[in-house]
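Peer 1: This is the structure I want to talk about, given as structure tokens.
The values are calculated or read from the model by the stated rules, or taken from the named source; none is laboratory data. As the structure is a prediction and not an experimental result, all values here were calculated from the model. Here the Cβ positions follow ideal geometry from the backbone for every residue, glycine too, while neighbour counts run over all protein chains shown. Quick note on the areas: whole protein, heavy atoms, side chains included, nothing else; ligands and nucleic acids left out. Shrake-Rupley method; radii C 1.70, N 1.55, O 1.52, S 1.80 Å.
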Amino acid sequence: MVENRPFLSFLTHLVLIVGVVIVVFPVYLAFVASTHGNGDFLSGLVPLLPGPNLIENYRLMLTEGISTAGAPPLWIMLGNSLVIAIIIAVGKIAISLLSAYAIVFFKFPFRLLAFWIIFITLMLPVEVRIIPTFKVVADLGLLNSYVGLTLPLIASATATFLFRQFFLTIPDELMEAARVDGAGPLKFFRDILLPLSRTNIAALFVILFIYGWVQYLWPLLVTTDSRYYTVVMGIKRLAATADGEPQWHLVMAAVMLAMLPPVLVVIFMQRLFVKGLVETEK
Amino acid sequence: MATINLVDLKKNYGSVPAVKGINLSVKDGELIVLVGPSGCGKSTLLRMVAGLESVTSGRIEIAGRDVVKAEPAERDIAMVFQNYALYPHMTVRQNLEYGLKNRGTPREEIDRRVKEAADILEIGPMLDRKPRQLSGGQRQRVAMGRAIVREPAAFLFDEPLSNLDAKLRVQMRVEIRKLQRRLKTTSLYVTHDQLEAMTLADRLVVMNNGLVEQLGTPTEVYDRPATLFVAGFIGSPPMNLLSLESIAGAPGFEGLNLPDGTDVIGIRPDQLVLDQPTGQNLALAASVELLEPIGGESHLHVRLTGSNQAVILSVPGRPDIAEGAAVTLYARPADLHPFNRESGRRTDTAVANP
């Protein structure tokens, strides 16, 4: 729909700008807050322009943290979050690829049942099964470990379902041609299916990385050792100081840092991500 | 180079039989075309030979070796698929090499064969392109190249030309024929296009309902169709099949001397003429319904006077005949094909008269 009417393009731009402002303003506010000093918020007026303490605040948070709130230096928490998000994304993709491959390309008894059982787990997100899951993880002695943090989050019906749909669009002849060409099941998977799924994998990686990064409830439950804190749950601890005002300028510095990695992942994988959603290489 | 023997080959899908016992022996270097309407089991048969479809009972021998239990890769065959089935993420070269690499062929040998196939098929300049950058005809060549580089005992073609437009199809048909002559590789070729079947085949297998209706050279099949089905399937426009009653009273009928059991007479459209030939002939009165000029010849749709049976004849040029006009059709006794409706078979000897 191409229309050349000045009023219309003014209106559309206005709507877009208002939308952007609504989304960006809180982020801007957080950034401004992270650049001010200790007492600047006690007056009750929120400053709208950046203050002079930018470097000081971020340095303090990254290297020392707020020990009175029981929060370790931010770089430890950022590191934990990064490790966990990557393990979850990679683990989910690996498992879903394999299970979708089995469901689509092999004929075995109860294949459909297997698919539906996987599919039904979509109805059971972490929050719903959190108590039994916690019990199992605790009994296995996995509290305060990366395994305990990631394993319950890895099995994924969504990704399995997406890969299944993609594999279903691959013509049977391709597999038959590969069979005639002497490629066994594993070779077919590695040489043909994986390269064809490349863009889908990239798109899923972005989504799943962010999913892993923003996990809050589960890390809160299974970690008591501050060495395994993730940044998203750490922010909560920073804000909840026992006595006195929260140190908002430091909390906001942590918030800004916590937002950074997902943004970077989206920016750098955007090209592949969009390709994966739009283009099919067939 | 090898022979292929199919012995009493059967395939059931559950309780539904798709192939009901096929016996066929393909000689070394021969190109056999399997032709039939869709659902006749021809593709299933080919896929069984390829090893992509399990065998319910019977034997498949390629180069004298029973391969029923063997994987497709172990059968020493190469297959060309209808939708080409090229690997979309690989370049043309990688597509050609893939099967050879999986077999652990040495590098120099791979390069030699790829170069040779590229020369034969004239796809040299495209070796580094991806399949999606190629046109339909070029993809078809690459698919054939992938079969050639393997230097297999047999080629299997599964309707390889049906995704191409009409002009390209004719061109590729000729090329496949030339290629097969040149390489002398035993080939099985499945198609539903009878023109493709007639022009390509050394021998033709006409299939219907999971059974072989007739096996013979294209001219044998055309000149002496063994069954009513073959008579109606091969030839365009199809053979006219007239019940005996509808022509019983026609002049010249008494002298025909038809074999016992004949109750259907087949006449090819091009063997019905409007001018009375010399010698013995059968004369049928009819009225013209429609004249279809198709260039060098015309198809004349008529109805026989009395029986009201529809008949098509092809006549040379563009005759000046008005619709509704009365005409007389003549046929020579030697051009009549006698059939029995009950058994569906010819009532005279199946082998052509000397």
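Peer 1: Counting Lys and Arg as +1 and Asp and Glu as -1, each charge on the Cβ, what is the dipole of the range B:218-341 about the Cα centre in debye, to the nearest 20?
Peer 2: Working: 6 positive and 14 negative charges, 18 e Å.
The calculated dipole for the range B:218-341 is roughly 80 debye.
Peer 1: Starting from the amide H of B:Ile123, placed 1.01 Å from N in the peptide plane, find each other amide H under 5 Å away whose residue is 5 or more places distant or on another chain.
Peer 2: Excluding prolines and chain starts, which carry no amide H, there are no hits.
Peer 1: Also: From the square roots a ≥ b ≥ c of the eigenvalues of the alpha-carbon gyration tensor of the range B:164-209, which class results: rounded (a/c under 1.5), prolate (a/b over b/c), or oblate?
Peer 2: oblate
Peer 1: Right, here's the next one. Membrane-span-like helices in chain A: DSSP H runs reaching 18 Å or more (Cα, own axis), mean Kyte hydropathy at least -1.0?
Peer 2: Values: long enough: A:6-33 (39 Å, 2.39); A:74-105 (46 Å, 2.14); A:198-213 (22 Å, 1.45); A:248-278 (42 Å, 1.80).
Length and hydropathy pass: A:6-33, A:74-105, A:198-213, A:248-278.
Peer 1: What residues qualify as long-range amide H neighbours of B:Glu213, i.e. H under 5 Å apart, gap of 5 or more or another chain, H built at 1.01 Å from N?
Peer 2: Placed amide hydrogens put B:Val206, B:Met207, B:Asn208 under 5 Å from B:Glu213.
Peer 1: Just want the answer: with Cβ charges of +1 for Lys and Arg and -1 for Asp and Glu, which residue in B:Thr105, B:Leu52, B:Pro72 is farthest toward the dipole's positive end in the range B:4-223?
Peer 2: Towards the positive end, the residue furthest out is B:Thr105.
Peer 1: Now, a different point. What residues have an amide H closer than 5 Å to that of B:Gly306, excluding those fewer than 5 places away on the same chain, when H is modeled at 1.01 Å from N in the peptide plane?
Peer 2: Those qualifying (amide H under 5 Å, at least 5 residues apart or on another chain) number zero.
Peer 1: FRET efficiency for B:Asp263 and A:Leu82, Cβ-Cβ distance as r, R0 = 56 Å, nearest 0.05?
Peer 2: It comes to 0.05.
Peer 1: For chain A, set up a Gaussian network in which alpha carbons nearer than 10 Å are linked by springs, and say which option among A:Ala178, A:Ala254, A:Ala89 fluctuates the most.
Peer 2: Per the Cα network of chain A with a 10 Å cutoff, A:Ala178 tops the list.
Peer 1: Sticking with this structure for a sec: Hey, rough spin-label estimate for B:His301 and A:Leu112, points 7 angstrom out along Cα→Cβ, what's it come to in nanometres?
Peer 2: Inter-label distance under the simple model: 4.6 nm.
Peer 1: Quote the relative contact order of the range B:4-223 in percent (integer), defining contacts as alpha-carbon pairs under 8 Å separated by 6+ residues. Please list the in-between numbers first.
Peer 2: Details: 398 pairs, mean separation 68.2, N = 220.
It comes to 31 percent, rounded to a whole number.
Peer 1: Using alpha carbons only, how many degrees (0 to 90, rounded to 10) separate the axis of helix B:107-121 from the longest principal axis of chain B?
Peer 2: Compared with the principal axis, the helix lies near 30 degrees.
Peer 1: Using a 1.4 Å probe and ignoring any ligands, DNA or RNA, find the accessible area of A:Trp116 and quote it in Å² to the nearest 10.
Peer 2: About 130 Å², ignoring ligands and nucleic acids.
Peer 1: So how much accessible area does B:Lys178 have, in Å² to the nearest 10, using a 1.4 Å probe?
Peer 2: Spelled out: B:Lys178, probe radius 1.4 Å, area about 130 Å².
Peer 1: From the Cα gyration tensor of chain B, with a ≥ b ≥ c the square roots of its eigenvalues, which class applies: rounded if a/c is under 1.5, or else prolate if a/b is larger than b/c, or else oblate? Provide the component values of the computation, followed by the final result.
Peer 2: Details: a/c = 2.93, a/b = 1.88, b/c = 1.56.
Prolate, because a/c is 1.5 or more and a/b exceeds b/c.
Peer 1: Taking the Cβ-Cβ separation of A:Asn38 and A:Arg190 as r and a Förster radius of 51 Å, what is the calculated FRET efficiency to the nearest 0.05? Intermediate results must be reported in sequence, preceding the final value.
Peer 2: Details: r = 57 Å, r/R0 = 1.12.
The formula returns an efficiency of 0.35 here.
Peer 1: Still on this structure, please answer the following. Could you run the numbers on buried accessible area between A and B, total for both chains, 1.4 angstrom probe, in Å² to the nearest 100?
Peer 2: Numbers: alone 16650 and 16570 Å², together 31360 Å².
For chain A against chain B, roughly 1900 Å² becomes buried.
Peer 1: While we're looking at this one, here's another question. Using +1 on the beta carbon of Lys and Arg, -1 on that of Asp and Glu, and nothing else charged, what's the dipole of the range A:109-247 about the Cα centre, debye to 20? Intermediate values should be presented prior to the final figure.
Peer 2: Details: 11 positive and 10 negative charges, 25 e Å.
Rounded to the nearest 20 debye, it is 120 debye.
Peer 1: Related question: Provide the descending list of Cα extents for chain A along its principal axes, expressed in whole angstroms.
Peer 2: 75, 67, 30
Peer 1: Still on this model: If I stretch the segment between A:Trp75 and A:Val136 completely, what's the gain in nm (0.36 nm per residue apart, minus their alpha carbon distance), one decimal? List each step's numbers first, then the result.
Peer 2: Working: separation 61, 0.36 × 61 = 21.96 nm, distance 3.00 nm.
Working it through step by step, the gained length comes to 19.0 nm.
Peer 1: Here's another thing I want to ask about it. For the protein assembly as shown, take the alpha-carbon Rg, divide it by the Kirkwood Rh, and send me Rg/Rh. Present the calculation step by step, with values, prior to reporting the outcome.
Peer 2: Details: Rg = 37.4 Å, Rh = 31.5 Å.
Here Rg/Rh amounts to 1.19.
Peer 1: Here is a follow-up. What distance in nm separates the simple spin-label points at B:Asp320 and A:Met259, each placed 7 Å from Cα in the Cβ direction?
Peer 2: Label-label distance for B:Asp320 and A:Met259, simple model: 9.1 nm.
Peer 1: Quick check for you: with a 1.4 Å probe and neighbouring chains kept, what is the accessible area per residue of the range B:238-339, in Å²? Walk me through the numbers before you get to the answer.
Peer 2: Numbers: 4940 Å² over 102 residues.
Accessible area per residue, the range B:238-339: 48 Å².
Peer 1: Counting only protein heavy atoms and using a 1.4 Å probe, what share of the accessible area of the protein assembly as shown belongs to carbon plus sulfur, as a whole percent? Please list the in-between numbers first.
Peer 2: Working: 19190 of 31360 Å².
Reported share for carbon and sulfur atoms: 61 percent.
Peer 1: 7 Å from Cα along Cα→Cβ at both A:Thr121 and A:Asn144: what's the point-to-point distance in nm?
Peer 2: Placing both labels 7 Å along Cα→Cβ, they lie 2.9 nm apart.
Peer 1: Go ahead and run the numbers for FRET between A:Ile267 and B:Lys178, Cβ-Cβ distance against an R0 of 60 Å, rounding to 0.05.
Peer 2: Details: r = 56 Å, r/R0 = 0.93.
So, using R0 = 60 Å, E works out to roughly 0.60.
Peer 1: Could you compute the net charge surrounding A:Thr223? Neighbours are other residues with a C-beta less than 15 Å from the C-beta of A:Thr223; K and R count +1, D and E count -1. Could the numbers behind the result be given before it?
Peer 2: On the way: positive: A:Arg227, A:Lys236, A:Arg237; negative: A:Asp225.
Within the 15 Å Cβ shell, the charges total +2.
Peer 1: Where does the range B:238-339 land on Rg(C-alpha)/(2.2 N^0.38 Å)? Don't jump to the answer; show the numbers that get you there.
Peer 2: Details: Rg = 13.1 Å, N = 102, 2.2 N^0.38 = 12.8 Å.
Here the Cα radius of gyration is 1.03 times the empirical estimate.
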